[in-house]
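This report refers to the structure that appears directly beneath it.
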Amino acid sequence: MIDGSGLPAVVGGFDPGRNGQRGQGNAGRYSLVYSGMGNTDTKLNFRKAVIQLTTKTQPVEATDDAFWDQFWSDSATSVQDVFALIPAAEIRAVREESPSNLATLCYKAVEKLVAGADSGCHSETEKQMVLNCARLLTRVLPYIFEDPDWRGFFWSSVPGAGRGQDDDEEEEDGSRPLAESLLLAVANLLFCPDFTVQSHRRSGTDSAEDIHTLDSCEYIWESGVGFAHSPTPNHTHDLNRTELLKLLLTCFSEAMYLPPSSDSSSTVNPWVQFFCSTENRHALPLFTSLLNVVCAYDPVGYGIPYNHLLFWDSREPLVEVSAQLLIVTLDSDPSANSGPSMDGTTTSTAMDEGESLAPDNLFVNYLSRIHREEDFQFILKGLARLLLNPLTQTYLPNSTKKIQFHQELLVLFWKLCDFNKKFLFFVLKSSDVLDVLVPILYFLNDARADQSRVGLMHIGVFILLLLSGERNFGVRLNKPYSVRVPMDIPVFTGTHADLLIVVFHKIITSGHQRLQPLYDCLLTIVVNVSPYLKSLSMVASNKLLHLLEAFSSPWFLFSSPQNHHLVFFLLEVFNNIIQYQFDGNSSLVYAIIRKRNVFHQLANLPSDNSNIQRALQRKKKPSEPISRTNSQDGASMEGSRPAAPAEPGTLKTSLIATPAIEKLTEKSQVSEDGTLRAVDPDVTQSPKEVSHLEDVSESRQSRRFSNSSSQWNPTTDWVMSWKVKLPLQTIMRLLQVLVPQVEKICIDKGLTDESEILKFLQHGTLVGLLPVPHPILIRKYQANAGTAMWFRTYMWGVIYLRNMDPPVWYDTDVKLFEIQRV
């Protein structure tokens, strides 16, 4: 609560400290072309009211309705008009010079929203007034949040705000904070018959539905999870919902104005916390509406070419903001949530009956308790349809609509898998998971050269890391890859596992420098799935050997204290496939035999100081982390375009460093019956049991490949400390047995043809000749404060950049991330 003086009593007496003209920067630089809606006179009148507000030296009384009504009574202003007619510099000027006027403006706008929600918005005038107030608050709120002295304003008590029917009861309890009144009013307005939902009133009857008693579960916006009825599409309702949801998103964006913190208790968003609590009686139908609207959306529709150029789709902006609002409301610690009994009759059957404890976040709670197979199918099919949409190719260029909100969809998919383990297992139960895998690999490959999309690279890799911790994911990868998505990768014939390895190789060999901290994650994914890969293609096998060749060169191994981990990961991949999937992997065995010198050189890696120094002097330039010679790239797929860097001037948002792979994952051992058993990290393992990963701090991890690594000074003792642990025994035994056999058959039969050698290897066996199979070690993703904060910065960065029309947060003083130009 903040109290002070100098304001009309009705506004609760609020006086933020004066901070001069701080933070204005380029405030006036951003301008918008008028949308052309409405006539010039009404815009002129609105502009005059804004100027009056900024120039009046005396506070305007809250009772002066003639003055305040100028801001919302006009029907001709669009949201673009409001942004153009109220420049940022003037909002800041009112905030600093006339704080009571800004406070009264916010209070009066909320008051109008509350009144509209109370009355049910039956008249066109009321509807227009509500929309104008929503637009005005969407414009002003970011400037409230950017000033720490103002941030508490909406949480201070305002006498008279939020009054419903029970005025007496309200009087006893004291008045609601302005924020609560605003959020409850918007929630009510989102289920307002003939404004945001279809009226159930029969034609011919005069009585309108009472907004205070209607069951909003009967007015869910779209069929899907727990709701079978699909309301008739209504262009106007979609537009009204979109504007109100945009206001909600702006309310929740207070998180953008707080610096990143790993302390979860200090990062609770009070706006989200209240909105997703039992105080909001519409929480269940709203959650269901948002989820169903997103998952039911089909951007292509009947597939008529170029229809998106002829007709404006009112549903797409609604789907975008619904996806953004969902991921923001789900930004919560799942361990803090438990299940209440369901109060919504319509959707309760769609969710598990949980315990009766009150949850912290109902949206997380509802998401975690969806359990019906048909609901999972609806969600997965919907997300896959939208993720695959940008990949669709047609004979007519640009003839089908391409959606742009795939990053929000990836975060939503992550939340679903993270909070609802039944959904995760459903995804992995069938080959449907590949409909999510293929677009993720497409986005990773397409974004690898673009520094402005480094966040997209991370979320894609994190999702694959999460999936790879489950055995079923590795098994599903054996399905042949036949869908020819146009990707800038070598042509191959093989499985989805081959696609994954080829794309990962491309990222490592031709991605930009900032992706190098992701190498550990990429190789961990390959390690996790390797025991289940039945037959790698020759192309993918060569890619793996090329990576080993590059990572095991002495200059690379000695140039950073952690680079040798990458070699350990790759050796573990080869060991898993040889021990568990030898039959069927003749291409990989052949590739290992051809590149046997790499393994011999590793085994005989020099560790004396003179050789270490000589290797470091041969170190490649920093811009070429991996040599691309002999990488057998071959011809790219038909219709593909090379991954392009960002256009100059592209905006990007900064991200905090992600935790090292040891912090991101926990080791589990696969027992003989297929169950997982956690590995105690404190138990010292023998050299044979890959115990190569030391603890790496986040800061060292993020600096691993930077110039600071040049200060690193490798020693003989350091090289020996990990060289003796290199798990080479299995591979050396394979080479010892097979190389003489292959050489003999080549001499005896005069073979020069690869296919004949492969045929020989296919029928070979190493049963009884290899060391005892090692236990399969899986590194499963584990939630931690570091990744939770990373997701928050990434998510809000995406939302910031995707909301440029109108530019809700542009040029405001955000603290969660930095905005940079590429």
Out of the residues in the range 713-734 that are of a type in the set (A, V, I, L, M, F, W, C) and touching a Leu at 6+ places or on another chain (Cβ under 8 Å), which is farthest from P561 (Cα to Cα)?
L734
Being closer than 14 Å to I593 by Cβ and assigned to a helix (DSSP H, G or I) narrows it down to one of M732, M720, so name that one.
M732
For S216, only one of the following conditions fails: (1) at pLDDT 90 or above; (2) in contact with a His (Cβ under 6 Å, 6 or more places away or on another chain). What is its number?
(1)
Of all residues in the range 506-538, how many are in a helix (DSSP H, G or I), out of contact with any strand residue (DSSP E or B) (no Cβ under 6 Å at 6 or more places or on another chain) and either under 21 Å from V670 (Cβ atoms) or not basic (K, R) (or both)?
21
Collect the residues in the range 778-818 that are within 30 Å of S530 (Cβ to Cβ), open to solvent by 10 Å² or more (accessible area, probe 1.4 Å) and part of a strand (DSSP E or B), keeping them in residue-number order.
K780, Y781
Out of L416, L412, L441, L518, which single residue is surrounded by 21 or more Cβ atoms within 10 Å (Cβ to Cβ), at pLDDT below 95 and out of contact with any Pro (no Cβ under 8 Å at 6 or more places or on another chain)?
L518
What's the number of the condition A161 fails, among (1) modelled with pLDDT of 90 or more; (2) buried (at least 18 other Cβ atoms within 10 Å of the Cβ); (3) among the hydrophobic types (A, V, I, L, M, F, W, C)?
(1)
Could we say that N585 is polar (S, T, N, Q), modelled with pLDDT under 95 and in contact with a helix residue (DSSP H, G or I) (Cβ under 6 Å, 6 or more places away or on another chain) here?
yes
Is the range 117-131 home to any residue that is of a type in the set (A, V, I, L, M, F, W, C) and part of a loop (DSSP other than H, G, I, E, B)?
yes
Could you look through the range 380-401, keep only residues that are closer than 18 Å to L441 by Cβ and of a type outside the set (A, V, I, L, M, F, W, C), and pick out the one that is modelled with the lowest pLDDT?
Q393
I need the full set of residues from the range 464-505 which are outside any helix (DSSP H, G or I) and among the basic types (K, R), in order please.
K479, R484
Test: Q513 is under 25 Å from L456 (Cα atoms) and surrounded by fewer than 24 Cβ atoms within 10 Å (Cβ to Cβ)
yes
Being closer than 23 Å to E662 by Cα and not aliphatic (A, V, I, L, M): is that true of F473 here?
yes
From the set of residues in the range 766-822 that are within 15 Å of the chain's Cα centre (by Cα) and hydroxyl-bearing (S, T, Y), which is farthest from A657 (Cα to Cα)?
Y800
Residue selected from the range 593-631 under the condition closer than 17 Å to G511 by Cα and open to solvent by 50 Å² or more (accessible area, probe 1.4 Å), by the criterion modelled with the highest pLDDT
K620
The number of residues in the range 255-268 that are open to solvent by less than 30 Å² (accessible area, probe 1.4 Å) and within 19 Å of the chain's Cα centre (by Cα) is 2
Taking L500 as meeting all but one of (1) free of Cβ contacts under 8 Å to residues at least 40 places away in the same chain; (2) buried (at least 22 other Cβ atoms within 10 Å of the Cβ), write down the number of the exception.
(1)
Would you call F274 crowded, with 20+ Cβ neighbours inside 10 Å and among the aromatic types (F, W, Y)?
no
Would you confirm, using the coordinates I've provided, whether S468 is open to solvent by less than 10 Å² (accessible area, probe 1.4 Å), of a type in the set (S, T, N, Q) and closer than 30 Å to R369 by Cα?
yes
Scope the range 724-751; condition among the acidic types (D, E) and open to solvent by less than 80 Å² (accessible area, probe 1.4 Å); matching residues
none
When the residues of the range 639-667 are narrowed to those that are more than 21 Å from the chain's Cα centre (by Cα) and of a type in the set (K, R), which ends up modelled with the lowest pLDDT?
R641
Candidate set from the range 724-748 (those that are closer than 16 Å to F574 by Cα and polar (S, T, N, Q)); member that is farthest from the chain's Cα centre (by Cα):
Q736
Of the listed residues (D450, D432), the one being modelled with pLDDT under 95 and surrounded by 20 or more Cβ atoms within 10 Å (Cβ to Cβ) is D450
Cβ-Cβ under 6 Å, sequence separation 6+ or interchain: first residue in the range 312-330 and in a loop (DSSP other than H, G, I, E, B), partner open to solvent by 10 Å² or more (accessible area, probe 1.4 Å). Which pairs?
S314/H235; S314/L239; L330/K415
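The values are calculated or read from the model by the stated rules, or taken from the named source; none is laboratory data. The model shown is predicted, which means the values in this text are computed figures rather than measured ones. Don't worry about glycine lacking a Cβ; one is built from the backbone with ideal geometry, like all the others, and counts go over all protein chains shown. Just the protein is used for accessible areas: all its heavy atoms, side chains included, with ligands, DNA and RNA removed. Shrake-Rupley method; radii C 1.70, N 1.55, O 1.52, S 1.80 Å.
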